[in-house]
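Worksheet: one structure, shown below.
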Amino acid sequence: MLARVQRMRNGEDFRRTIRRGAKGAQPTLVTHVVPGTGGHTSVGFVVSKAVGSAVERNRVKRRLRHLMRERVDSFPAGSRVVVRALPASSEANSSTLAEHLDAALSRAGAR
């Protein structure tokens, strides 16, 4: 689980990150990254109803949170990251999600 200070909760932070962040897209997810200059790195997740039922959306969110927990320390301090799950993410296995997440983050210039 991500630490409380690492979780993005404010809607304005989500909007700012999505609008100003570098974008990396893959078939199962899209990432938006704003590099930081200090402070805590924050990560947010967007999983819409297009992904599936509430059970499927929560499962996708849990899997993405687990994957980001392992990667959050690789970002510069103070970075903001939003991971938006696409409908194909509910069908993908964890290794595929991990590959797509790494590719999207590197495309967004986060690594």
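Only residues that are surrounded by 14 or more Cβ atoms within 10 Å (Cβ to Cβ) and closer than 17 Å to residue 77 by Cα were counted across the range 5-20, and they come to 5. Among the residues of the range 1-20, write down those that are more than 15 Å from residue 84 (Cβ to Cβ), in contact with a helix residue (DSSP H, G or I) (Cβ under 7 Å, 6 or more places away or on another chain) and in a loop (DSSP other than H, G, I, E, B). Hits for the range 1-20 are 1, 2.
Among the residues of the range 90-111, those identified as in a helix (DSSP H, G or I) and either closer than 16 Å to residue 43 by Cβ or of a type outside the set (S, T, N, Q) (or both) are 97, 98, 99, 100, 101, 102, 103, 104, 105, 107.
If you go through the range 21-61 and keep only what is assigned to a strand (DSSP E or B) and either open to solvent by 20 Å² or more (accessible area, probe 1.4 Å) or among the polar types (S, T, N, Q) (or both), you end up with 22, 23, 25, 31, 34, 42, 45, 46, 47.
For the range 87-98, filtered to residues that are in contact (Cβ under 8 Å) with a residue 60 or more places away in the chain and under 14 Å from the mean Cα position of the chain (by Cα), the residue that is nearest to residue 28 (Cα to Cα) is 89.
The values are calculated or read from the model by the stated rules, or taken from the named source; none is laboratory data. This is a predicted model, so every value here is computed, not measured. When we count neighbours, we look across all protein chains shown, and the Cβ atoms used for this are built from the backbone with ideal geometry, even at glycine. In case anyone asks, the SASA skips ligands and DNA or RNA and just uses the protein heavy atoms, side chains included. Shrake-Rupley method; radii C 1.70, N 1.55, O 1.52, S 1.80 Å.
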